[in-house]
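The values are calculated or read from the model by the stated rules, or taken from the named source; none is laboratory data. Computed from a prediction, not measured in an experiment: that's the story for all the values here. Cβ placement follows ideal geometry from the backbone for every residue including glycine, while neighbour counts extend to all protein chains displayed.
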């Protein structure tokens, strides 16, 4: 069907309108894209403005603690001048307090019997020779009877000897009778001495000789000490080798620790040590009194010990301790007190005195002996730093950081 002139004009108008509309849309998109490219993001604009410098200023301010002289005195913060000093080499070992085995006794009755009286209780402090318990023993009764019999026989033999000696001296009896009486007296002396030694071996007395209480056996303390174990009750039957009491003299104790082979050159008998415990603030000085000559089959370490004076009883057996074996002293160009060094956010710092307060200054540290610490970098000689109670400044710094956040 042929297209009329009018239809051709209408189609041309529709196509032109479409082309013009598309061009307008493209110009609008290009203009919008250009505005977005020219305008910076909101986050970038914020970062480039004055607010972007606030974290840096806040961090700089947080490193300083404002503290005047009066506040420092109230907080007992002492100031130290950093300078040259000495560092004493030391090696730390973990150990444990034990009984002094030279002054620890397991009291055994040495005779079987039945407990008639128990005078000592767990934890009691006793003196040498103090009565601990009394047991009734049939074997002791037999031994005392043997002693009394030997004593009577000896008395009779002595009487016979004296009579025969006088008769022989007066030429009345024969010498043979005198010699027989002399031999009988000597045998009686031996028997009496044997019976006495049997009683002494078990720690029993010879008795009164009246026959009363021959089976009574008194158990007494071998030395001054404390009852740390008790395995005896009234009326209980005990064996001759039973440990009925454990007595320990706690005025001295041992601090034992293990020494690896590579540390044996450092740990020697006579070396000075400092023993401390995390359970309390006290520490005590001593010397290494023993180093084992053999290594343990399982641990492959040598046992070493320090004998500690314990007059107040603070070092209790079973307490875990740190034994610092002191070595030779070494000079250091710059040292500060160990209390001056603090750790803040995994950084090692000291609080250096500045105008109006103190500033947390990062430092690099070296050797330490527990009292002084060598400073390798971050300070110079003559700088004033907080030496004691520096943790107060650290706490104030932490509070300031929380407030800024």
| field | From 304, 331, residue being touching a strand residue (DSSP E or B) at 6+ places or on another chain (Cβ under 6 Å), assigned by TED's automatic domain parsing to the domain that holds residue 272 and crowded, with 19+ Cβ neighbours inside 10 Å | value | 304
| task | Please indicate, with yes or no, whether at least one residue in segment 180-187 is closer than 30 Å to residue 117 by Cβ and not assigned by TED's automatic domain parsing to the domain that holds residue 111. | result | no
| said: Whether any residue in segment 310-319 is farther than 26 Å from residue 122 by Cβ, assigned by TED's automatic domain parsing to the domain that holds residue 371, in contact (Cβ under 8 Å) with a residue 24 or more places away in the chain and surrounded by 12 or more Cβ atoms within 10 Å (Cβ to Cβ) is what I want to check. | reply: no
